[in-house]
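Q: Sharing a structure below in structure tokens format, with a few things to ask.
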Amino acid sequence: MSEAAIDINAIERELRQMWQEQATHPEAGGQAVIRALTLNLIVRVPDDAWAEQVLAVAPALTAQHPNRTVLVIDRPGSATELQANVQALCTLTNAGRTQVCGEQVTISARGAPAGQLASLILPLLVPDLPVVLWAPGPQPFAQPLVQRLYRLCDRLIVDSTTFADPVRELAELAAFEQTANGAPAVSDLGWARLTPWRELTAQFFDTRPFLPHLHRIDEIVIEYVAGTHPNPVAALLFVGWLASCLKWTPLADAVGIEGETIQLYLRRPAVGVGPAAIRLVKVELRPVALAGVEGLVRLALRAVDNQQAEFVVELTGDSGYACTRATIAGANPIERTATIDHPALADLLNSELRLLSRDRTFAAALHLAGGLAQRLALP
Amino acid sequence: MATPVLDNPLRAGLRIGRTPEPCTMVIFGASGDLTSRKLVPALYNLARERRLPGGFSVVGFARRDWTDDYFRDLLREAVNANSRSGPVDPELWASFAQGIQYHRGSFDEADAYTSLAERLAAIDAERGTGGNRVFYLATPPEAYPTIIAQLGAHGLAHSNGWTRIIIEKPFGHDLASAQALNAEVLSVFREDQVYRIDHYLGKETVQNILIFRFANGIFEPIWNRSQIDHIQITVAETIGVEDRGGYYDTSGALRDMIQNHLMQLLCLVAMEPPALYDADAVRDEKVKVLRAVRPLSVSDTVRGQYGPGSASGRPVRGYREEKGVSPTSQTETYVALKLFIDNWRWAGVPFYLRSGKRLPRRVSEIAIQFKAAPTMIFADTPLNDLDPNVLAIKIQPDEGISLKFSSKTPGQPQIRPVTMDFRYGASFGVTSPEAYERLLLDCMLGDGTLFTRRDEVEASWALLTPILQAWAEGPPQPFPNYEAGSWGPAAADEFIARDGRSWRRL
Ligand SMILES: NC(=O)c1ccc[n+]([C@@H]2O[C@H](COP(=O)([O-])OP(=O)(O)OC[C@H]3O[C@@H](n4cnc5c(N)ncnc54)[C@H](OP(=O)(O)O)[C@@H]3O)[C@@H](O)[C@H]2O)c1
């Protein structure tokens, strides 16, 4: 369809026809096809390379969250150019089972003003279903289309691992989340990638005798993959998470940079010495060179106050595994190997789509990490 | 002691549940079928999904002369063959297997328990298990009293951490024996340490019954005698007795299936909403259902035993020809029964239960049949041509829920039944964990909701024991009375037809 011919009614007609064809298709083998929509997903991508990535994960999304996807390829350019096409997305199932299908509308645009795009997208949304806007890539908040649409959405998903200026954009993300205050709810796929690290860390302290040490942490060292340009966002979010859970607050001059290493200083309540007493927690974030992985590599929590204890989670030589080790002075270290798969993009999205409202744990971690990022971003 | 939930500040907002504290699981009967087919694969999968803490340990107790290494290799093969996640992941297995030991001994040998106590203390010191223990009785039921008494005599029923015991089915073979076993268990352990397993409760769809009923507002108002005509609960198996003939011949379908699994399903569909979702509140409501069931008489039941026939197109033996079964056996391999729950919600609504072996399909479901529309206003369709609405809760093999209702045939005046289907697997696109995974984890976390409490077991036996007695005293049955591969005896069809109803075609 050319610009003039983009016609919402035509798209709707095509969608209806598509379902009728699906139902009578000989290859369906008499199987019922179920059109099951649980949400509207608007994806805004800056170019074709991103569009391909999105198309690659779409079937896995349909399998768990059958949806109407409106994929907008929002390329810059001077001449306005607009095209649309429609497609059914069915998940492959075992023979004899009902197929579950979702729908996908692709709008391919160049140089189109945000208002024009929005006027095409909005009538295509299925009524009474949640609307999720996913804006992968750098600088999501600078995109006019995102600015135009986010208020109409229930959830906005960004990915901090794709930020161009990570520390600055983290601060922006934090500010946005706070202002939005749940409308829309905000998700970061970079945060979702931390889930196994948070799980493995939290699990140490499900063990009754270890729990007291959690309140006496004095030192944290987090190593993360340096890559082409270091992105300390994951490490900052991890610190933000620990600090918000444990009621630590950043010092006034909380940040220092020594070469590549970021140093952070927070205060925590001191244990067993009166209500107002505090102690310092020293945090180091170190980029390390490591090929084939992304994100965190190793983290160590250390308590030196009173009884010495150390809790370490680190990737092992073989990819996909981490070793966890708890060492309490005077006892055998307790070690185990656990899986820590590099999660597929589709899994990360699926886990975020499962959330129905604002993720308060994330909001608290982000708020704290955002404060640290803001100080780091100062010249 | 039920463990108080630890206040781990890092738990808030994490998407998987808390992990149990490090503990040692002692499996009695570690060379048996259940250990290698279910228990160890379930534990391994829990470890694989990061649900078990570092330090978690297993001690296998059996009498064969095996070494730790031999035992580990055997279990590895068992996991390779039986795990839902496929062959073991070598890295993970290596870490998991470090925590596995083999303890040789006979169940009646006192020294074996002395050395077990020492071994457990050593594991506490080395692996940080802090005195926390689960004893799993995966043994023939005759061994339960011996093991329990020995554990008590060697001070193993209590420790400086927590101690729990899991008891497999069968829990008794009638009311008196169940009471006797309860008395034995409770002379050594407190009730809150005892976890009687019914693996049906570990199935996701079974748990979903409560969610479905009590997390949706639209069902509760129609879940009663004014809207429901009757309820059918079916658990059909295609297998025969396999190599459990010797055991089965002393048991039968009423003991093996109805007393536990079907009664549990009955409780879950019929119970009142508990005030909260906790172990005692849920089980209190279940017990109330069992106590409200009107006493059964033999005329409320139909028995069957399969003769030769076929299964999946192959000829198969009759029950009396199975290994370990008496050629004149009077044991039932099929039971159908009707019961009433005499309370305000259910008075007058019949519940039909049936379960059997060597039936044509493996299927478990609960079907709620609603009353028909009161009058027929559509002239072209006589009222008796209308199918009533049926809500079917399918437990296996295709877990899900379906609702049958009437709709107009396009372009024609007829009304046809259509089915609206919700498939668990298709909607969530993930495989459900095995029942044993959930149950083992719950026990380690100290959550007894999905286990059977003492009064529950006894109430169920109290209901069924008179039937067992009457059967035993009554005249011999003309067994076999159904062909393997058919839907049970003709008498069962007549039984329900007498009430003007019929079994669902499944
Ligand atoms: N298998 C299942 O799928 C299944 C399902 C539900 C419930 N169950 C229940 O689970 C329990 C175990 O079933 P199973 O099929 O695993 O039984 P099994 O294969 O017969 O295993 C019994 C185990 O007990 C051991 N044992 C028996 N007497 C002993 C003694 N005096 N001293 C030491 N060890 C002794 C056996 O050791 P040896 O190797 O030395 O004989 C073997 O390890 C039963 O209560 C059964 O009803 C089983």
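Every number here is computed from the coordinates shown, using simple stated rules; none is lab data. In this text the structure is predicted, and so the values were computed from the model without any measurement. Virtual Cβ from ideal backbone geometry, glycine too; neighbours counted across all protein chains shown.
Q: At what distance in angstrom do the alpha carbon centres of the stretch B:154-227 and the stretch A:200-215 lie from each other?
A: Here the two parts' Cα centres lie 30 Å apart.
Q: Another one. Give me the one-decimal Kirkwood hydrodynamic radius in Å for the stretch B:99-168, with the sum taken over alpha-carbon pairs. Present the calculation step by step, with values, prior to reporting the outcome.
A: Details: mean 1/r = 0.0794 Å⁻¹.
Computed over the stretch B:99-168, the radius equals 12.6 Å.
Q: Let me ask something additional. Per 5 Å bin, what percent of the C-alpha pairs of the stretch A:195-345 does each bin hold, from zero upward?
A: Per 5 Å bin, starting at 0, the Cα pair percentages come out as 2, 9, 18, 22, 21, 15, 9, 3, 1, 0.
Q: Within straight cross-link reach of residue B:38, meaning Cα distance under 21 Å, which lysines are found once same-chain residues fewer than 8 apart are removed?
A: By straight Cα distance, residue B:38 reaches B:169, B:203.
Q: Find the relative contact order for chain B and round it to a whole percent, using C-alpha pairs within less than 8 Å whose residues are 6+ positions apart.
A: Values: 886 pairs, mean separation 86.2, N = 506.
So the answer I get is 17 percent.
Q: Further question: Rounded to the nearest 0.05, what FRET efficiency do residue B:244 and residue B:386 have when you use their Cβ-Cβ distance and R0 = 41 Å? Don't jump to the answer; show the numbers that get you there.
A: Numbers: r = 45 Å, r/R0 = 1.09.
My answer for the efficiency is 0.35.
Q: From the phi of every residue in the stretch A:347-354, what ³J(HN,Hα) in whole Hz does the Karplus formula 6.51 cos²θ - 1.76 cosθ + 1.60 yield, where θ is phi - 60° and glycine or proline is x?
A: Each residue of the stretch A:347-354 in turn: 5, 4, 5, 4, 5, 6, 5, 5 Hz.
Q: Summing Lys, Arg as +1 and Asp, Glu as -1, what charge do residues with Cβ under 11 Å from the Cβ of residue B:322 carry, residue B:322 excluded? Each step should come with its number before you reach the end.
A: Details: positive: B:244, B:317, B:320, B:323, B:357, B:358; negative: B:242, B:243, B:249, B:321.
Around residue B:322, the surrounding residues sum to +2.
Q: On a straight-distance basis, which lysines could pair with residue B:371 in a cross-link, Cα separation under 29 angstrom, same-chain partners fewer than 8 positions away excluded?
A: Once the sequence-local lysines are set aside, what remains near residue B:371 is B:286, B:288, B:338, B:394, B:404, B:408.
Q: Identify which of A:115, A:330, A:102 has the largest mean-square fluctuation in a Gaussian network model of chain A, with springs joining Cα atoms closer than 10 Å.
A: A:330
Q: On to the next question. By the scheme Lys and Arg +1, Asp and Glu -1, what is the net charge of all other residues having a beta-carbon under 12 Å from that of residue B:226?
A: Numbers: positive: B:225, B:345, B:371; negative: B:229.
Here the charged neighbours net out to +2.
Q: What does the structure give for A:205-214 when I average, per residue, the other chain Cβ atoms found within 10 Å of the residue Cβ?
A: Numbers: counts 8, 13, 13, 9, 5, 6, 5, 0, 0, 3.
If you average over the peptide's residues, the count of other-chain Cβ atoms is 6.
Q: While we're on this one: Return the long-range amide H neighbours of residue B:101 (sequence gap of 5 or more, or a different chain), with a cut-off of under 5 Å between placed amide H atoms.
A: B:58, B:59, B:60
Q: Follow-up. Apply the Karplus curve 6.51 cos²θ - 1.76 cosθ + 1.60, θ = phi - 60°, to the phi angles in the stretch A:144-153 and return the couplings in whole Hz, x for Gly and Pro.
A: x, 5, 5, 4, 6, 9, 4, 5, 8, 9
Q: Under 9 Å from the Cβ of residue B:237, count the other residues' Cβ atoms, weight Lys and Arg +1, Asp and Glu -1, and hand me the total. Spell out each step's value before the answer.
A: Working: positive: B:357, B:358, B:362; negative: none.
Residues close to residue B:237 contribute a combined charge of +3.
Q: Over chain A, what is the relative contact order in whole percent, taking alpha-carbon pairs under 8 Å and six or more residues apart? It would help to have the intermediate numbers written out before the result.
A: Values: 729 pairs, mean separation 56.1, N = 379.
This gives 15 percent for chain A.
Q: Over all residues in B:11-20, what is the mean tally of Cβ atoms on other chains that come within 10 Å of each residue's Cβ? Walk me through the numbers before you get to the answer.
A: Numbers: counts 8, 6, 12, 7, 9, 5, 1, 4, 8, 3.
Per residue, the average neighbour count from other chains is 6.
Q: Loop only per DSSP, at most 11 neighbouring Cβ atoms within 10 Å: give me the chymotrypsin sites (Phe, Trp or Tyr not before Pro) in the stretch A:153-205, ordered by residue number. All intermediate terms of the calculation are to be shown ahead of the outcome.
A: Working: sites: A:163, A:176, A:191, A:197, A:204, A:205; in loops: A:163, A:205.
Hits after loop and neighbour filter: nothing returned.
Q: Out of all Cα-Cα pairs in chain B, roughly what percent, to the nearest whole number, are more than 32 Å apart? Intermediate results must be reported in sequence, preceding the final value.
A: Numbers: 60061 of 127765 pairs.
Roughly 47 percent, once rounded to a whole number.
Q: Would you pull out the residues with amide H under 5 Å of residue A:70's amide H, same chain only if 5 or more places away, H placed 1.01 Å from N?
A: Here the answer is A:41, A:42, A:43, A:105, since their amide H atoms fall under 5 Å of that of residue A:70.
Q: Per DSSP H run of at least 4 residues, take -39500 (n - 2.57); add these up for chain B, divide by its residues and hand me the 222 nm value, nearest 500 deg cm²/dmol.
A: Values: 14 runs with 155 residues, N = 506.
One gets -9500 deg cm²/dmol as the mean residue ellipticity at 222 nm.
Q: Enumerate the amide H contacts of residue B:133 below 5 Å, restricted to partners 5 or more residues apart or on another chain; note that Pro and chain-start residues carry no placed amide H.
A: B:24, B:162, B:163, B:164
Q: Let me ask something additional. Divide, for the protein assembly as shown, the radius of gyration over alpha carbons by 2.2 N^0.38 Å, where N is the residue count.
A: Numbers: Rg = 31.0 Å, N = 885, 2.2 N^0.38 = 29.0 Å.
Scaled against compact globular proteins, the figure is 1.07.
Q: Further question on the same structure: Using only Cα atoms, what is the ratio of the radius of gyration of chain A to 2.2 N^0.38 Å?
A: Working: Rg = 23.8 Å, N = 379, 2.2 N^0.38 = 21.0 Å.
For chain A, the normalised Cα radius of gyration comes out at 1.13.
Q: Using DSSP, restrict attention to beta bridges with both residues in the protein assembly as shown and report what percent are antiparallel, rounded to the nearest 5. Don't jump to the answer; show the numbers that get you there.
A: On the way: 92 of 159 bridges.
Counting only bridges with both partners in the protein assembly as shown, antiparallel ones make up about 60 percent.
Q: Test of understanding: ordering B:319, B:436, A:224, B:277 by Cβ neighbours within 10 Å, fewest first, what list do you get? Walk me through the numbers on the way to the answer.
A: Values: B:319 29, B:436 21, A:224 25, B:277 12.
In order of increasing Cβ crowding within 10 Å: B:277, B:436, A:224, B:319.
Q: Ok, one more. Average partner chain C-beta neighbours within 10 Å, per residue of B:48-54?
A: On the way: counts 2, 2, 10, 2, 3, 9, 14.
Mean shielding by partner chains, rounded to a whole number: 6.
Q: Something else about it: Can you work out ³J(HN,Hα) from phi for every residue in the stretch A:271-287, in order, using Karplus 6.51 cos²θ - 1.76 cosθ + 1.60 and θ = phi - 60°, giving whole Hz and x for Gly and Pro?
A: In residue order, the calculated couplings are 9, x, 9, x, x, 8, 5, 10, 9, 8, 10, 9, 10, 10, 10, 10, x Hz.
Q: With a cap of 14 neighbouring Cβ atoms within 10 Å, and only residues DSSP puts in a loop, list the chymotrypsin sites (Phe, Trp or Tyr not before Pro) found in the stretch B:117-222. Can you show the working numbers first?
A: Values: sites: B:135, B:136, B:162, B:171, B:189, B:195, B:200, B:212, B:214, B:219; in loops: B:162, B:171, B:189, B:219.
In loop regions of the stretch B:117-222 (DSSP not H, G, I, E or B), the sparsely surrounded chymotrypsin sites (Phe, Trp or Tyr not before Pro) are B:219.
Q: Separate question: Among DSSP beta bridges whose residues both lie in the stretch B:24-168, state the antiparallel percentage, nearest 5. The partial results should precede the final answer.
A: On the way: 0 of 20 bridges.
Approximately 0 percent, going by the DSSP bridge assignments.
Q: For the stretch A:195-345, what is the charge dipole size about the Cα centre, in debye to the nearest 20, if Lys and Arg each add +1 at the Cβ and Asp and Glu each add -1 at the Cβ?
A: Dipole of the stretch A:195-345, to the nearest 20 debye: 560 debye.
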